[in-house]
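Below is one structure, written out as structure tokens; the observations come after it.
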Number of protein chains: 2
Amino acid sequence: MMQSENPVLVKRHSGKNQTITMRDVANSSGFSPATVSIVLNNAPLARYIAPTTKKRIEEVAKKLGYRPNAMARFLRSKRSHSVGVMFFDITDPFCTPVLRGIENALYQSSYVPIFADAHNQRNRFERYLEMLLEHHVEALIVVANWLFVDIQLLADLSKRNITAATIGWEMPGNDVSSVMVDNEAGGRLALEHLHHLGHRKIAFIRGPKMLIDSAPRWKGIQKFAHSAGLEIDPALVLQLPDSFDPNSGFEGGYRFTEELLQRKKRFTALMAFDDLTALGAIRALTKAGVKVPENCSVVGFDDVPLSSLSAPSLTTVRQPLEAMGNLAVNIVMEGVNAGLEKRDWSISRHKMNPELVIRDSTQAAVLSSSDD
Amino acid sequence: MMQSENPVLVKRHSGKNQTITMRDVANSSGFSPATVSIVLNNAPLARYIAPTTKKRIEEVAKKLGYRPNAMARFLRSKRSHSVGVMFFDITDPFCTPVLRGIENALYQSSYVPIFADAHNQRNRFERYLEMLLEHHVEALIVVANWLFVDIQLLADLSKRNITAATIGWEMPGNDVSSVMVDNEAGGRLALEHLHHLGHRKIAFIRGPKMLIDSAPRWKGIQKFAHSAGLEIDPALVLQLPDSFDPNSGFEGGYRFTEELLQRKKRFTALMAFDDLTALGAIRALTKAGVKVPENCSVVGFDDVPLSSLSAPSLTTVRQPLEAMGNLAVNIVMEGVNAGLEKRDWSISRHKMNPELVIRDSTQAAVLSSSDD
DNA sequence: CGGCCTTATTCAATCGTTTCAATGTTCAAT
DNA sequence: ATTGAACATTGAAACGATTGAATAAGGCCG
């Protein structure tokens with residue numbers, strides 16, 4: 001454990017614990033627990049309860065400071081009013097805005113998020129899943145941009161009728177809803193921007209194969225390049241290795257940019273797989289005396305919170321992270337309600353539109369006479 | 001809601017839901033529910049249970065995939081195995097490492113964190129508190145570096161015997177444990193570093209009055225200055241205004257540094273209240289043509305994750321954020337156990353030691369002949 | 001052989017809600 | 001006057017675990 005300057009002990013603590021139950025409200029108001037329950041939950045039967053009764057009960061409940069016991073309630077009604085929110089690595093700056101989006105949407109529905117972080121470890125993921133099931137979460141949201149988990153998850157969940165949604169990743173098969181950014185469109189957006197600025201010699205640092213985002217982004221790039229007649233020089237294309245460390249993008253961007261510079265092939269712009277990679281690239285460029293954006297434009301992807309704070313601030317393709325969190329909640333809530341009303345419902349897969357955010361790391365290419 | 005390219009509807013979904021209860025394990029193993037419970041929880045009475053019986057029951061439970069129902073268990077045993085974790089603004093980069101520390105420690109104890117984010121709003125804080133109480137969290141951890149909440153919290157909690165701890169903030173009064181960094185030591189550390197590097201003309205951007213960290217940091221600075229015979233020029237000291245936006249530090253650092261530069265008083269180093277402020281300051285300096293660290297050293301405070309990624313990377317005073325989260329969990333767990341065993345126990349207040357992290361934003365002062 | 005301790009297991013009450021079915025009313029319609 | 005809705009409320013059985021008290025069967029001792 002951490003050293004810590006003599007902890008100051010302060011005050012004795014003990015105490016009596018008197019929780020107010022529904023029975024108390026019933027006794028105190030002169031009605032039965034059943035009536036109280038019906039009134040306080042505004043259950044269907046509440047239609048028949050006399051307004052004066054309702055008022056009385058509500059008054060008493062408030063005066064006594066009655067708080068329903070979520071556990072007891074669950075036991076009877078099967079509703080825990082909680083949702084599991086699993087991250088594969090909360091340390092990834094990508095996650096914070098998503099978390100906020102999820103939290104906010106759940107809050108609107110008076111659901112409570114149970115937070116789980118797999119630390120990129122499979123067994124930890126499984127253990128958490130177990131814990132979430134024990135706590136009978138009504139739904140599960142999984143945030144990841146890659147995944148080792150297969151059918152196991154799905155089996156356990158759909159057997160128990162728990163609606164799930166993934167963010168930033170799609171389950172193979174058609175059993176779990178998902179919310180992703182349209183990576184292909186994003187890739188196109190970024191390259192289009194550089195192209196419009198007049199860049200023709202562009203270097204690329206592609207994402208790791210493991211990440212589901214990598215391929216479509218590259219596809220978007222290629223498609224645009226093709227349609228615009230832009231040639232992509234294979235000597236200016238590198239691909240990040242697979243890694244579990246969310247900060248490895250920075251490191252990778254740095255090293256690969258050094259590598260690119262050593263190749264002595266001129267490029268006036270660099271497109272990085274994501275923001276962290278871009279930041280690493282900028283660091284390497286700056287160190288090598290290449291000014292950004294004067295001598296080389298750099299564009300990232302994601303628009304994580306630090307991108308606007310970096311120097312120079314980063315031009316990037318924004319994922320609507322908060323909105324994605326929101327949407328995932330709406331999806332699972334829809335599933336929960338469907339289950340409640342014994343309706344059938346359908347899995348859905350969403351691709352959100354990315355958005356180009358132009359900041360200081362890109363500028364128009366300087367015209368050069370010598371090509372190559 | 002967000003636009004999203006035609007969501008693809010995929011597959012029908014419905015299903016049967018067969019949960020395995022303890023009764024199932026009992027029937028299937030030929031013993032009674034009581035025995036099963038005793039065995040599976042390794043309760044005191046388990047001492048008397050025949051080893052063969054234990055084995056049998058455990059086998060059956062595993063084979064059936066029995067999962068205890070946390071809610072039902074709570075109802076009888078009063079233990080929810082959950083802890084409320086309240087943030088005042090998860091968007092603050094300060095929070096992520098703390099969250100990880102908390103999550104990790106709870107995981108070790110098989111507790112589940114219920115996540116709450118007050119968004120800096122008092123009513124939201126109160127509503128969440130309500131929800132957490134309804135879910136009967138066994139303890140509460142509050143992460144904040146400032147606060148509007150008063151005795152209300154304390155009253156509700158100690159009445160219900162819920163141990164609480166705050167991180168980054170101390171409750172006035174002596175009823176809630178707390179974990180903080182030793183701000184005074186941190187302030188000293190930072191200034192000491194600049195002083196050792198030979199800086200004598202140092203500008204300061206102090207923290208907002210509202211923040212509990214501001215005063216002690218400044219005190220540490222003053223004390224060191226006094227002991228080292230360093231003079232602090234009041235014309236080089238500014239104080240950030242109060243604000244709820246966690247990113248306002250950057251903005252403030254930027255503006256105040258511009259302001260400082262306009263004053264035409266030379267300074268060779270700048271000490272910012274926190275990392276974001278420092279980053280804002282660096283931005284302003286760079287824009288004004290003052291190179292960091294060549295012409296001006298900058299030091300921050302906190303060591304939030306982006307500080308190592310900025311350009312130049314930031315010299316700063318590290319708060320052991322993850323360890324602080326950890327410690328807070330240990331504290332409340334101790335409280336929970338004490339309550340369980342009807343022991344008395346004591347509130348504690350910790351001040352963790354900060355640590356100087358030297359990176360690229362500081363370097364030795366160039367000797368100048370002209371002073372003033 | 002009867003009493004007592006130890007071992008092994010079970011009974012049954014309980015936690016705080018929800019909800020189905022039941023019990024009375026009242027009142028309009030046959 | 002009888003019926004049957006609609007209204008207003010309640011009794012009591014769940015829900016799935018935990019746990020103190022009870023039961024029962026050996027084993028040991030005097």
Boolean, A:Ala43 is within 13 Å of chain B (Cβ to nearest Cβ), under 23 Å from B:Leu133 (Cα atoms), of a type in the set (A, V, I, L, M, F, W, C) and surrounded by fewer than 17 Cβ atoms within 10 Å (Cβ to Cβ): no
Conditions (1) more than 9 Å from DNA strand C (Cβ to nearest atom); (2) touching a residue at least 12 places away in the same chain (Cβ under 8 Å); number of the one not met by A:Tyr66: (1)
Any pair with Cβ under 6 angstrom, 6 or more apart, that starts in the stretch A:342-364 at a residue that is within 7 Å of chain B (Cβ to nearest Cβ) and ends at one that is of a type in the set (D, E, K, R) and open to solvent by 40 Å² or more (accessible area, probe 1.4 Å): A:Asp344/B:Arg12; A:Ile347/B:Lys11; A:Lys351/B:Glu5
Among the residues listed as B:Gly101, B:Gly65, B:Gly84, the single one being on the phi > 0 side of the Ramachandran plot and of a type in the set (Gly, Ala, Ser): B:Gly65
Any hit, the stretch A:211-220, residues being buried (at least 22 other Cβ atoms within 10 Å of the Cβ) and among the basic types (Lys, Arg): yes
Residues that are of a type in the set (S, T, N, Q) and more than 9 Å from chain B (Cβ to nearest Cβ), drawn from the stretch A:292-332: A:Asn295, A:Ser297, A:Ser307, A:Thr315, A:Thr316, A:Gln319
Check on A:Ile57, more than 7 Å from chain B (Cβ to nearest Cβ), β-branched (Val, Ile, Thr), farther than 20 Å from A:Met333 by Cα and without any contact (Cβ under 8 Å) to a residue 40 or more places away in the chain: yes
Single residue of the stretch B:119-138 satisfying the filter (among the hydrophobic types (A, V, I, L, M, F, W, C) and modelled with pLDDT of 95 or more) that is surrounded by the most Cβ atoms within 10 Å (Cβ to Cβ): B:Val137
Subset tally (residues that are within 12 Å of DNA strand D (Cβ to nearest atom) and part of a helix (DSSP H, G or I)) for the stretch B:48-72: 7
Residue that is farthest from DNA strand C (Cβ to nearest atom) [pool: residues in the stretch B:17-40 that are loosely packed, with under 13 Cβ neighbours inside 10 Å and within 14 Å of another protein chain (Cβ to nearest Cβ)]: B:Gln18
Residues of the stretch A:102-117 satisfying the condition of being at the interface with another protein chain (Cβ under 10 Å from one of its Cβ atoms) and surrounded by 19 or more Cβ atoms within 10 Å (Cβ to Cβ): A:Ile102, A:Glu103, A:Leu106, A:Tyr107, A:Tyr111, A:Val112, A:Pro113, A:Ile114, A:Phe115, A:Ala116, A:Asp117
So B:Val25, is it at pLDDT 95 or above and either β-branched (Val, Ile, Thr) or under 27 Å from A:Ala164 (Cα atoms) (or both): yes
Single condition A:Val137 does not satisfy, out of (1) more than 16 Å from DNA strand C (Cβ to nearest atom); (2) in contact with a helix residue (DSSP H, G or I) (Cβ under 7 Å, 6 or more places away or on another chain); (3) among the β-branched types (Val, Ile, Thr): (2)
Residues (part of a helix (DSSP H, G or I) and open to solvent by 40 Å² or more (accessible area, probe 1.4 Å)) located in the stretch A:157-188: A:Ser158, A:Lys159, A:Glu184, A:Arg188
Residues satisfying the stated conditions in the stretch B:76-99, i.e. at pLDDT 95 or above and assigned to a helix (DSSP H, G or I): B:Cys95, B:Thr96, B:Pro97, B:Val98, B:Leu99
Of all residues making up the stretch B:79-94, the number that are more than 17 Å from B:Ala116 (Cβ to Cβ) and more than 9 Å from chain A (Cβ to nearest Cβ): 1
Single match in B:Ala311, B:Ala281, B:Ala288 (criterion: in contact with a Leu (Cβ under 9 Å, 6 or more places away or on another chain), open to solvent by less than 10 Å² (accessible area, probe 1.4 Å) and in the same structural domain as B:Leu189 (by TED's automatic domain parsing)): B:Ala281
Pairs where the first residue, in the stretch B:241-263, is assigned by TED's automatic domain parsing to the domain that holds B:Ser310 and closer than 26 Å to B:Phe87 by Cβ and the second is assigned to a helix (DSSP H, G or I) and among the hydrophobic types (A, V, I, L, M, F, W, C), C-beta under 6 Å, 6+ apart: B:Gly249/B:Leu276; B:Phe250/B:Leu276; B:Phe250/B:Leu279; B:Gly253/B:Ala281; B:Tyr254/B:Ala284
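The values are calculated or read from the model by the stated rules, or taken from the named source; none is laboratory data. On a predicted model such as this, the values are computed, not experimentally measured, just so you know. As a convention, Cβ positions derive from the backbone with ideal geometry for all residues, glycine included, and neighbour counts pool all protein chains shown. All accessible areas refer to the heavy atoms of the entire protein, side chains included, with ligands and DNA or RNA removed. Shrake-Rupley method; radii C 1.70, N 1.55, O 1.52, S 1.80 Å.
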